[in-house]
Amino acid sequence: MTKSNARLPRLEDVAELAGVSHQTVSRVINNHPNVSKATRERVEAAVAELGYRRNTAARSLVTRRSQTIGVLASELSQYGPANTLLGVEQAARNAGYFVSIAALKSVSRESIFDAVRHFMDQSVDGIVVSVPHSETLLALAELKLGVPVVAVGSLGNDAVSGAMVDQTRGAELAVGHLIDLGHRRIGHVAGPQDWIDGVARAEAWSAALRTAGLEDDLLMTGDWSAGSGYEIGRKLAAERTATAIFVGNDQMALGLLRAFNEAGVRVPEDVSVVGFDDQPEAGYFTPPLTTVRQDFEELGRRCMDLMLTAIGDGDGVSATVVEPELVVRRSTSAPA
């Protein structure tokens, strides 16, 4: 049979050409991990030769699944949430799922409920929630949806599965790096304290300092923006109370670096600076920024692993954690 045949190629045709069962073809198409590399390549070659395409509508009638995942997101102007969404969307497509996105302009119980109702009207197979506010999980706990829910960016709760980057470990890496360099007055520019990540990083900074026998009294709070980092940086430059600053994200660190440069505070000679996220531009800051890298692509894969397991099993709540990585550049050194 060739692509020119009138009849569209079927799953069974792919299986016959590849010399495998139709169940094996299904596993390859759905990106199931339990398939050998050689078998996967043989099936993919048969799919390409025949021009096979899945009939999603027909499959939905048989499986009673829409092959659609609803993704509830907010704060997409920020690097972390935006890249979390990209990671989830890529992982969902790789697993053979469409994605329906609802972006919240404001986070409230009502807006979350409205978005969830929209997803249920679409008969989604599951819902991924990327709304990094503490009240989100409380709102989700009230809902009895009948489909799996995964909170990406937190560990979830008793009712919701969760996938997150280990924020505590990330802050420990940042503070530990500064302590190892010899710094004893280490401040923290925290993110908003109604954000799960902002709270976790601030608490871990404080705990790491107290464990090392150091004071944790240099805490300032920004709003994730470079502008807030700049204003806080102007105050820190005038006070000169710290030899190192752990900043809650790279954008605020960017503003801090500009304020220090304008005030004649040298980085890292006078003050060391560590950020968080490792956004693509971090290596091009002046100086290049030492920061904590979050692997958003891996976070998306872990999230979809939880989702696919829940869809397959029909129940169960679980959590997964992605480890962060410290990326050392030229914005940190031993204190003068």
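The values are calculated or read from the model by the stated rules, or taken from the named source; none is laboratory data. None of these values were measured; they are calculated from a predicted model. With ideal geometry, Cβ positions are generated from the backbone for all residues, glycine too; neighbour counts draw on all protein chains shown. Remember, those area values only see protein heavy atoms, side chains included, never the ligands or the DNA or RNA. Shrake-Rupley method; radii C 1.70, N 1.55, O 1.52, S 1.80 Å.
Can you give the percent of C-alpha pairs in region 197-262 whose distance is more than 17 Å?
40 percent
Between Ala103 and Thr221, what is 0.36 nm times their sequence separation minus the Cα-Cα distance? Round to one decimal in nm. Walk me through the intermediate numbers first.
Numbers: separation 118, 0.36 × 118 = 42.48 nm, distance 2.56 nm.
Fully extending the segment from Ala103 to Thr221 adds 39.9 nm.
Of all the accessible heavy-atom surface of the chain, with the other protein chains kept in place and a 1.4 Å probe, what percent is carbon and sulfur?
Summing carbon and sulfur atoms, their accessible area is 50 percent of the total for the chain.
Once each part is reduced to its C-alpha centroid, what is the distance from region 139-175 to region 217-285 in angstrom?
With region 139-175 and region 217-285 each reduced to a Cα centre, they are spaced 29 Å.
Pull up the cross-link candidates among the aspartates and glutamates for Lys37, meaning alpha carbon to alpha carbon under 19 Å and not fewer than 8 places away within one chain.
Cross-link targets: Glu16, Glu49.
From the protein chains alone at 1.4 Å, what is the descending order of accessible area for Asp125, Asp194, largest first? Each step should come with its number before you reach the end.
Numbers: Asp125 15, Asp194 75 Å².
Final ranking, largest accessible area leading: Asp194, Asp125.
Of the GluC sites (Glu not before Pro) in region 133-238, which ones lie in a loop per DSSP and count no more than 15 other C-beta atoms within 10 Å? Spell out each step's value before the answer.
Details: sites: Glu135, Glu142, Glu172, Glu203, Glu215, Glu231; in loops: Glu142, Glu215.
Those satisfying the criteria are Glu142, Glu215.
Can you tell me what percent of all Cα-Cα pairs in the chain are more than 28 Å apart? Intermediate results must be reported in sequence, preceding the final value.
Working: 28292 of 56280 pairs.
Everything past 28 Å amounts to 50 percent.
So how compact is region 211-336: Cα radius of gyration and Dmax in angstrom?
18.2, 60
How much length would be gained if the chain were fully extended between Ala263 and Ala141, taking 0.36 nm per residue of separation minus their Cα-Cα distance, in nm to one decimal? Write out the running numbers ahead of the final one.
Details: separation 122, 0.36 × 122 = 43.92 nm, distance 4.86 nm.
Using 0.36 nm per residue and subtracting the Cα-Cα distance, I get 39.1 nm.
Among the aspartates and glutamates, select those whose C-alpha is under 13 Å from the C-alpha of Lys105, and discard any that sit fewer than 8 residues away in the same chain.
Leaving aside aspartates and glutamates fewer than 8 places away in the same chain, those within reach of Lys105 are Glu75, Asp114.
Computed from the mean reciprocal separation of all distinct C-alpha pairs, what Kirkwood hydrodynamic radius does region 97-143 have, in Å?
Working: mean 1/r = 0.0890 Å⁻¹.
Averaging 1/r across every pair of different Cα atoms and inverting gives 11.2 Å.
Quick one: putting +1 on the C-beta of Lys and Arg, -1 on the C-beta of Asp and Glu, what dipole do you get for the chain around its Cα centre, in Debye to the nearest 20?
980 debye
Where both residues lie in region 65-193, what percent of DSSP beta bridges are antiparallel, nearest 5?
Numbers: 1 of 19 bridges.
Beta bridges within region 65-193, antiparallel portion: roughly 5 percent.
Computed from the mean reciprocal separation of all distinct C-alpha pairs, what Kirkwood hydrodynamic radius does region 123-185 have, in Å? Don't skip to the answer; put the middle values down first.
On the way: mean 1/r = 0.0728 Å⁻¹.
One over the average 1/r among Cα pairs gives 13.7 Å for region 123-185.
When you count, for each residue, the other Cβ atoms within 10 Å and take the mean per peptide, how do 14-24, 100-110 rank with the highest first? Each step should come with its number before you reach the end.
Values: 14-24: 17.0, 100-110: 13.5.
Going by the mean number of other Cβ atoms within 10 Å, highest first, we get 14-24, 100-110.
Counting helices only, and only those DSSP H runs with n ≥ 4, report the 222 nm mean residue ellipticity of the chain as the sum of -39,500 (n - 2.57) divided by its residues, in deg cm²/dmol to the nearest 500. Don't skip to the end; give the middle numbers.
Numbers: 12 runs with 152 residues, N = 336.
Helix-only estimate at 222 nm: -14000 deg cm²/dmol.
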